[in-house]
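The block underneath contains the structure these notes are about, expressed in structure tokens.
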Amino acid sequence: MSETLTIGGLAKQSGVHVETIRYYQKRGLLSVPKRPAGGFRRYEPGTAARIAFIKRAQELGFSLDEVIELLKLEVTPGCRDARDIASKKLALVETRIDDLQRVARTLSALIAACNSGTKRQCPIIDALRRTR
């Protein structure tokens with residue numbers, strides 16, 4: 001059986017800062033182990049796996065509130081519920097992609113107008129001055 005870890009050891013093993021672990025505890029993502037009399041809190045080995053789960057979910061764009069919901073589903077499996085959370089996140093990501101593509105087209109057009117050299121004023125600066 002693996003040994004328990006101090007918060008520093010858990011942070012090192014998980015590749016996060018001690019402050020991150022404390023923040024996850026504050027948000028309810030991780031439990032706070034009891035402190036033995038005159039000793040340090042010790043974290044179970046499975047805590048590192050839970051942190052890895054949280055970090056992977058964040059890398060996929062899930063907020064900590066969404067991660068909390070996904071962690072609940074880890075205890076009480078609900079693939080349909082997990083799919084619904086992921087579907088909502090995908091829709092948001094697709095909307096962001098559309099928005100970023102629109103921004104890219106606008107910037108490309110402004111850069112092209114600026115490169116034409118026919119304007120006395122800078123089209124980029126003019127566009128930023130305009131109100132909607």
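Worth pointing out:
- Within a straight-line Cα-Cα reach of under 22 Å, Lys12 can be paired with the following lysines, leaving aside sequence neighbours fewer than 8 residues apart in one chain: Lys26, Lys34, Lys55.
- Size of electric dipole in the chain: Cβ of Lys, Arg +1 and of Asp, Glu -1, about Cα centre, debye, nearest 20: 460 debye
- Nearest 10 degrees, 0 to 90: helix 79-115 Cα axis against the chain principal axis: 30 degrees
- Each other residue within a Cβ distance under 14 Å of Arg50 adds +1 if Lys or Arg and -1 if Asp or Glu, for a net charge of +2.
Values quoted throughout were computed directly from the atomic coordinates according to the rules given, and no laboratory measurement underlies them. Source: prediction; values computed, not measured. Neighbour counts run over all protein chains shown; Cβ positions are idealised from the backbone, glycine included.
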